[in-house]
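So the structure is just underneath, and the comments pick up after that.
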Amino acid sequence: MSGQKPSLKTGGSAESRFQVDVVTEASSAAPAPVPASTDGSKPPDDSKGRFRVVGFLDSGALGSAMDIGLPPDVSHEPDTTKSDSVSLHSTGTGHTHISDSHSNTYYMRTFGHNTIDAVPNIEFYRQTAASFGEKLTRPSLSELHDELDKEPFEDGLANGEEPSAAEEAAALAAKEAKRGTVKFGWVKGVLVRCMLNIWGVMLFIRMSWIVGQAGIGLTIAIILMATLVTTITGLSTSAIATNGFVRGGGAYYLISRSLGPEFGGSIGLIFAFANAVAVAMYVVGFAETVVELLNDVDALMTDELNDIRIVGTLTVILLLGISVAGMEWEAKAQIVLLVILLGAIANYFIGSFMPTESKEPKGFFGYHTAIFLENLGPDFREEETFFSVFAIFFPAATGILAGANISGDLADPQSAIPKGTLLAILITGITYVVIAISAGSCLVRDATGDHNDTVSDTVNCTDAACTLGYDFSICKEGGCQYGLMNDFQAMSLVSGFGPLITAGIFSATLSSALASLVSAPKVFQALCKDNIYPGLGMFAKGYGKNNEPLRGYVLTFCIGLAFILIAELNIIAPIISNFFLASYALINFSVFHASLANSPGWRPSFKYYNMWVSLAGAILCCVVMFVINWWAALVTLLIILALYIYVGYKKPDVNWGSSTQALIYNQALTHCLNLTGVEDHVKNFRPQCLVLTGYPNSRPALLHLVHSFTKNIGLMVCGHVRTVSRRPNFKELSQDNARCQRWLTKKRIKAFYSHVFADNLRHGAQFLLQSVGLGRLRPNTLVMGFKNNWSEGDMRDVEIYINTIHDAFDLQFGVVILRLQEGLDISHIQGQDELLSAQEKPPIGSKDVVVSVSVTKDSDTDSCPSKTTSNQSSPLIIRDTKSPLSLTDQRLLEASQQFKKKQGKGTIDVWWLFDDGGLTLLIPYLLTNRSKWGDCRIRVFIGGKINRIDHDRRVMATLLSRFRIDFSDINVLGDINTKPKKHNKLSFKELIEPYRLKEDDMEQEAAERLKAQEPWRITDNELELYKAKTNRQIRLNELLKEHSSNAKLIVMSMPLARKGTVSSALYMCWMETLSKDLPRLLLVRGNHQSVLTFYS
């Protein structure tokens, strides 16, 4: 890639309409000379560009071959004999074609070299930086699709410039060599570790006892049952490990990325702790063996208990030194221990074919059919049962995650974990079965060890030993020290060289301890890196070329040492086994859960798994937990539950695409579809509100009030109509959406945020009313703020506002309008809750800014919740000015928070003047069910006649009792139809004066023309026609002031205006007159479909 990359451009003429920049691919040869353009343009400058359209050329004009993107190796130089023949011809339609021969080298180049559209590349799918440097990113859709007003590539490597596979591999190798990172293959990293962990001390000191108790047949059954559990878990582990790239963290990583942070965080902590305590358990097992040897030669330092502590402490310090030295040294130590262990096993089998007379009194006679048949069946003693023996053996089968736990140190975890784990299970399982059969075929259950216990003619003896010349019948009375049932060192007896079995015991215990000492910090480090538990971040730091968790090693050492000093692990050992089993159960459940969720992202390359088998494996693990120790199983489950609840409550900010998310989606989709097939019923009616809030933090009072009666009951969508002059790109929109939804979540407001772009509020509201929702989860009520400043602004905005209400009614929506005298919109006030973080704020002077109204006016309006101009500032951004708040803004700010507080004792006055289906009554009832409104009582006001007030009250009381709605009082307004006061009528006349058409004072044509231009104007005929309705609004305002001036909230039937008959100005004047100078007022009008019923 030594050659330059010239960008070939042509100068545009005055007539040019289309122009193409061609970017050539770099080559080792110098580029062909560029001919001068036929239109006299200058030769292009060398530049590193892209295939780019920068202008328009005349469709009939034809420049040089370079003007149409001809490849640079095709030249018009007459002395270039090697160039392929190329001719240009016009079709007469303005299109130009290139004719060429098949030998043209241009068509032998790499596909995609001359376009910014990227060919498939694995680096585009990585979540972290590419191995050879900066992370590659594919061109965005905007870069390919948007108008080219800027260079499409700002950073990253361009397509056609990415290194070849060889270069990439070389860069990776150079990086690895520089860092000296040690990565293990599947044999050294997984197979060896798993075999060492599974071949524990149980193999040498308990296997013979198990065969004696359960017999050969049931011992094989026990081994197969344990192997079944581990095999299913191994298959599940393989499936998860091959479903994408696996990083460090072992069982924690596999579970957390599959089931989410709640399960992963809880199991990760106890799994790391279990491994840390397992270090102590294995080291104490080693120390006990050493102390027994010391005791045999009478070389105890103090007493047995303290000697175990001393030897255990020295051992764990040595193991810590090996671990801290690095994974390479630890791996070498494991290999040495494996060689010793294999030598011990081979030593046993060799010795089993070499019986000697000296060993016969101790029960070892070599392979005999009589011994095999006698030991084939069980002989449980000392209250042992099949399940108690199984509980003793099962820990010997664990350890299958030893390889997965160092997944971050494997060269290819996806390949290594399945191969190494499953092969280790197979090899160790066969070994256990063969040793069980071998021990049961050459050792009798009981032996005295006395050479004189031979068979005499007078004794009636039928045991296998009798047929071989020995009489061990005295052992039935107890007291014998040899044989399968009595001698835990029976394998040493059988072996060719006894001390090698002791070395095998040392190897088994130390290798398991070393594996646990490495696994615990690795898992804990991965857990801390994810910041699931605050305060543990210090343990996430790694050191050295392999990112070794040295702090984790020290912590594991301290935990292990503490339990070593206790030296009594009989209580903690069952809990450790249950911790491991709980991990296995969750790994199996992860595969079942991921398969059940049916997510397209669940595509493991390991195909030999089945979701139902994995579920059975999870159940088996839980059963085995209770079989081993029921109280330890309960303790384990309680600890997991407590950690799960804690992590779920904390809600860590992580998103790993877990199967839990996929299953929630599946269930939500299924339930939505099921709901769609069911007709709505009045008993199941819920207010599902589309709230025109603009940005969610712009109108907190409106948001909090609606949330009060929709939380956990109905749907709430914060609608935002944006009328920006320049629409943001997709990235900006995504960030806006994410910020708004995150703000709602942070404030614990159960709502969705949805925005649309439109020319005005009405069009945007139409889009929202028709498109928001899914199936039955669709809004049925439009909630808006009252347009307080309507008389100060453009009346065209009033026309839009009123028509938005008409559109909602046309679509059979209920309408709710909230009016606060102080206003609703606080977006212009400095110091409010922001949706933008400091890092996300756009630069000052950004043109794509959204405001509700000009800040010089009363800023409360929902007519244009997102009306924009190019010189206004966004409601999301706090101004840097430090001027104190005006008194008006202080009151507005206080009013905006009033619905967050507990309302105290008072009344909600419901003026149910017209039957709209019951929505006017349902909303107050839902409010009183909330704790904030729980002390408020409902008062109902209805219209009636002066001479039948008692009758009307009884009828309404009966209706409310049938609706099962509590009320404190019912007021019948007998004087509702009396004439309003004269000064109030004069005030209304003054209010409408600027908006009257006054057609009687002008020519008819002029009046019609003005009405067409300004349809909101009020005609004299209209005023006369609706005189009674006008007087009713004035009178109702008087009654409201008289009866409800101290109410906590007024909920009132909203007046209706017939579309096409009542002008927008008159309708606005009605609502202004009705609601002015009142406390918090909610105008409600349902869609006249019943939302209340008294039928069961």
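Among the residues of region 998-1013, which ones are free of Cβ contacts under 8 Å to residues at least 12 places away in the same chain and either more than 23 Å from residue 1070 (Cα to Cα) or touching a helix residue (DSSP H, G or I) at 6+ places or on another chain (Cβ under 7 Å) (or both)? Once the filter is applied, which keeps residues that are free of Cβ contacts under 8 Å to residues at least 12 places away in the same chain and either more than 23 Å from residue 1070 (Cα to Cα) or touching a helix residue (DSSP H, G or I) at 6+ places or on another chain (Cβ under 7 Å) (or both), region 998-1013 yields 1001, 1002, 1003, 1004, 1005, 1006, 1007, 1008, 1009.
Can you go through 588, 547 and tell me which one is surrounded by fewer than 24 Cβ atoms within 10 Å (Cβ to Cβ) and either basic (Lys, Arg) or touching a residue at least 60 places away in the same chain (Cβ under 8 Å) (or both)? After applying the criteria, what remains is 547.
Taken over region 917-956, the residue count meeting the criterion of being under 51 Å from the mean Cα position of the chain (by Cα) and of a type in the set (Gly, Ala, Ser) is 4. If you scan region 769-800, which residues turn out to be part of a loop (DSSP other than H, G, I, E, B) and among the hydroxyl-bearing types (Ser, Thr, Tyr)? Correct list: 791 only. Checking each residue in region 401-425 for being of a type outside the set (Lys, Arg) and more than 28 Å from the chain's Cα centre (by Cα) picks out 420, 421, 422, 423, 424, 425. Does residue 313 fit the bill of being among the polar types (S, T, N, Q), open to solvent by 70 Å² or more (accessible area, probe 1.4 Å) and either part of a loop (DSSP other than H, G, I, E, B) or in contact (Cβ under 8 Å) with a residue 60 or more places away in the chain (or both)? Judged against the criteria, residue 313 is not a match. Considering each residue of region 1072-1079 in turn, none proves to be free of Cβ contacts under 8 Å to residues at least 24 places away in the same chain, within 20 Å of residue 915 (Cα to Cα) and not acidic (Asp, Glu). Considering only region 241-250, I want to know if a residue exists there that is within 25 Å of residue 573 (Cα to Cα), of a type in the set (Val, Ile, Thr) and at pLDDT 75 or above. Checking region 241-250: not a single residue is within 25 Å of residue 573 (Cα to Cα), of a type in the set (Val, Ile, Thr) and at pLDDT 75 or above.
Identify, please: which residue in region 1014-1041 is among the aliphatic types (A, V, I, L, M) and touching a Lys or Arg at 6+ places or on another chain (Cβ under 9 Å) and is, among those, farthest from residue 1067 (Cα to Cα)?
1034
This table checks each residue for (1) open to solvent by less than 60 Å² (accessible area, probe 1.4 Å); (2) under 25 Å from residue 809 (Cβ atoms); (3) modelled with pLDDT of 90 or more.
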{"position": "901", "(1), (2), (3)": "no, no, no"}
{"position": "921", "(1), (2), (3)": "yes, yes, yes"}
{"position": "942", "(1), (2), (3)": "yes, yes, yes"}
{"position": "948", "(1), (2), (3)": "no, no, no"}
{"position": "956", "(1), (2), (3)": "yes, no, yes"}
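Do we find a residue being open to solvent by less than 10 Å² (accessible area, probe 1.4 Å), over 30 Å from residue 779 (Cβ atoms), without any contact (Cβ under 8 Å) to a residue 60 or more places away in the chain and not charged (D, E, K, R) anywhere in region 638-656? No - not one qualifying residue is present in region 638-656. Just one residue in the set 484, 527, 423, 500 is of a type outside the set (Ser, Thr, Tyr), at pLDDT 85 or above, open to solvent by less than 50 Å² (accessible area, probe 1.4 Å) and not in a loop (DSSP other than H, G, I, E, B); that residue is 527.
Are any of the residues in region 234-250 under 30 Å from residue 488 (Cβ atoms), open to solvent by less than 20 Å² (accessible area, probe 1.4 Å) and part of a helix (DSSP H, G or I)? So far as region 234-250 goes, yes, one or more of its residues are under 30 Å from residue 488 (Cβ atoms), open to solvent by less than 20 Å² (accessible area, probe 1.4 Å) and part of a helix (DSSP H, G or I).
Scan region 465-481 residue by residue and report those that are outside any loop (DSSP other than H, G, I, E, B) and buried (at least 17 other Cβ atoms within 10 Å of the Cβ).
465, 466, 470, 473, 475
Go through region 813-832 and report how many residues are within 30 Å of residue 1088 (Cα to Cα) and open to solvent by 10 Å² or more (accessible area, probe 1.4 Å). Adding up the residues that qualify gives 3.
Looking at the structure I just gave you, is residue 419 charged (D, E, K, R) and touching a Phe, Trp or Tyr at 6+ places or on another chain (Cβ under 6 Å)? So residue 419 passes the test.
The residue of region 1042-1096 that is surrounded by the most Cβ atoms within 10 Å (Cβ to Cβ), among those that are among the aromatic types (Phe, Trp, Tyr) and within 27 Å of residue 685 (Cα to Cα), is 1094. Mind listing whichever residues of region 1015-1027 are under 27 Å from residue 807 (Cβ atoms) and either open to solvent by less than 50 Å² (accessible area, probe 1.4 Å) or outside any loop (DSSP other than H, G, I, E, B) (or both)? Scanning region 1015-1027 gives 1016, 1017, 1018, 1019, 1021, 1022, 1023, 1025, 1026. Residue 626 - would you say it is surrounded by 14 or more Cβ atoms within 10 Å (Cβ to Cβ), out of contact with any Pro (no Cβ under 7 Å at 6 or more places or on another chain) and free of Cβ contacts under 8 Å to residues at least 24 places away in the same chain? Against the criterion (surrounded by 14 or more Cβ atoms within 10 Å (Cβ to Cβ), out of contact with any Pro (no Cβ under 7 Å at 6 or more places or on another chain) and free of Cβ contacts under 8 Å to residues at least 24 places away in the same chain), residue 626 qualifies.
Matching residues to (1) touching a Phe, Trp or Tyr at 6+ places or on another chain (Cβ under 7 Å); (2) open to solvent by 100 Å² or more (accessible area, probe 1.4 Å):
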| site | (1), (2) |
| --- | --- |
| 973 | yes, no |
| 977 | no, yes |
| 993 | no, no |
| 1003 | no, yes |
| 1007 | no, no |
| 1011 | no, no |
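Taking region 550-569 as the search range and keeping residues that are modelled with pLDDT of 85 or more and open to solvent by less than 20 Å² (accessible area, probe 1.4 Å), which one is nearest to residue 306 (Cα to Cα)? Top of the filtered list is 564. Each residue in region 368-394 was checked for being within 24 Å of residue 281 (Cα to Cα), of a type outside the set (A, V, I, L, M) and open to solvent by less than 40 Å² (accessible area, probe 1.4 Å), and 4 of them qualify. Are any of the residues in region 283-292 open to solvent by 70 Å² or more (accessible area, probe 1.4 Å), over 17 Å from residue 573 (Cα atoms) and not in a helix (DSSP H, G or I)? Checked region 283-292: no residue is open to solvent by 70 Å² or more (accessible area, probe 1.4 Å), over 17 Å from residue 573 (Cα atoms) and not in a helix (DSSP H, G or I).
The rows are residues; the columns are (1) surrounded by fewer than 22 Cβ atoms within 10 Å (Cβ to Cβ); (2) among the hydroxyl-bearing types (Ser, Thr, Tyr); (3) under 33 Å from the mean Cα position of the chain (by Cα).
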residue	(1), (2), (3)
766	yes, no, no
769	yes, no, yes
775	yes, no, yes
779	no, no, yes
784	no, no, no
791	yes, yes, no
807	yes, no, no
811	yes, no, no
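The values are calculated or read from the model by the stated rules, or taken from the named source; none is laboratory data. The structure presented is a predicted model; accordingly, all values stated were derived computationally and were not measured. All Cβ positions, glycine included, derive from the backbone under ideal geometry; neighbour counts span all protein chains shown. For accessibility, only protein heavy atoms count, side chains too; no ligands or nucleic acids. Shrake-Rupley method; radii C 1.70, N 1.55, O 1.52, S 1.80 Å.
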